[in-house]
Each structure stands twice: as C-alpha cells, then as structure tokens.
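Quick notes on the structure that follows.
The values are calculated or read from the model by the stated rules, or taken from the named source; none is laboratory data. Model, not experiment: these values are computed from the prediction. Neighbour counts run over all protein chains shown; Cβ positions are idealised from the backbone, glycine included.
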Amino acid sequence: MHRDGIMSFPRRRHFRRKERHPHSSERFGTPQETHHPIDPENTGSESNYLKSLIDSHAKVTVVLTNGERLHGFIRYYDRYCFSIGLSAQGPRLFLRKASVSYISEE
C-alpha cells in the first residue's frame with residue numbers, strides 16, 4: 001500500500017502504442033482501399049463514340065499531336081488506329097490513335 005491508505009499499481013512501460021498514419025482508415029477498422037485509374041480502352045466509350053461517327057457519317061476534324069488538321073469521315077477503327085476518308089469515294093488515311101490529339105464533329 002501507498003501512503004495515505006491508497007493502493008498503488010505498478011507502472012507498465014513495456015506497452016507501446018502502435019504507430020499509425022493520422023489519415024489512415026485503419027482506425028475505422030477497414031483496410032484502406034486503393035483506387036486505380038481506369039484504362040480508357042476498357043470502358044468502351046471510345047469505341048462507342050467512333051462507331052457512332054461511322055454510323056452517322058458525320059464529318060469530323062482530326063487534330064494531330066503536331067497540330068495538323070485533317071477533315072473527313074471516320075471509316076474504320078480498331079484498338080490502335082483508325083482510318084479517315086477525306087471524301088465519300090476518295091482514298092483513306094490510316095492514323096495511329098497515339099498521334100491524335102482530339103477529334104471533333106463539324
């Protein structure tokens with residue numbers, strides 16, 4: 001017993017708190033979720049857009065990464081490239097998707 005009739009308890013210093021990141025969701029009991037960026041090729045939106053341009057025979061402007069602009073109609077597409085026809089009966093140009101900055105309808 002301690003003086004004044006109060007019982008004392010031994011101090012335990014061997015217990016340490018687990019260090020946690022202050023913004024971790026561990027404190028809520030759920031593992032922290034990691035978000036992965038969505039790959040545009042897996043969403044299907046690019047292929048749906050190109051298919052709609054083909055079906056509607058819409059005239060488009062394709063702007064390349066070097067700034068060059070091409071006007072015509074989308075005729076064909078696949079995973080890595082597409083073709084643009086400058087007229088209904090004329091020749092087609094095959095372009096890699098990586099070389100295209102954007103496509104806009106006219």
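Residues that are closer than 17 Å to GLU106 by Cα, in contact with a Gly (Cβ under 6 Å, 6 or more places away or on another chain) and either surrounded by 14 or more Cβ atoms within 10 Å (Cβ to Cβ) or among the basic types (Lys, Arg) (or both) within region 61-95 comprise GLY72, PHE73, ARG75, ILE84, GLY85, listed in sequence order.
In region 36-70, which residues are of a type in the set (Val, Ile, Thr) and within 14 Å of SER83 (Cα to Cα)? Outline the logic, then answer.
Of region 36-70, the ones of a type in the set (Val, Ile, Thr) are 38, 43, 54, 60-63, 65.
Result: ILE54, VAL60, THR61, VAL62, VAL63.
Hey, among the residues in region 63-106 that are of a type in the set (A, V, I, L, M) and in contact with a helix residue (DSSP H, G or I) (Cβ under 8 Å, 6 or more places away or on another chain), which one's nearest to LYS51 (Cα to Cα)? Reasoning before the result, please.
The initial filter retains those residues of region 63-106 that are of a type in the set (A, V, I, L, M), namely 63-64, 70, 74, 84, 86, 88, 93, 95, 98, 100, 103.
Those still in the list that are in contact with a helix residue (DSSP H, G or I) (Cβ under 8 Å, 6 or more places away or on another chain) too: 64, 74, 103.
Numbers: LEU64: 20, ILE74: 9, ILE103: 13 Å.
Going through the qualifying residues, I end up with ILE74.
So is THR43 at pLDDT below 90 and surrounded by 10 or more Cβ atoms within 10 Å (Cβ to Cβ) or not? Steps first, please.
Working: at pLDDT below 90: yes; surrounded by 10 or more Cβ atoms within 10 Å (Cβ to Cβ): yes.
Judged against the criteria, THR43 is a match.
Contact annotation: residue pairs with Cβ atoms under 7 Å, 6 or more positions apart or on different chains, pairing a residue in region 91-106 that is more than 16 Å from GLY67 (Cβ to Cβ) with a partner that is surrounded by 12 or more Cβ atoms within 10 Å (Cβ to Cβ) and of a type in the set (Gly, Ala, Ser), are ARG92/SER83; ARG92/GLY85; LEU93/SER83; PHE94/SER83; GLU105/ALA58.
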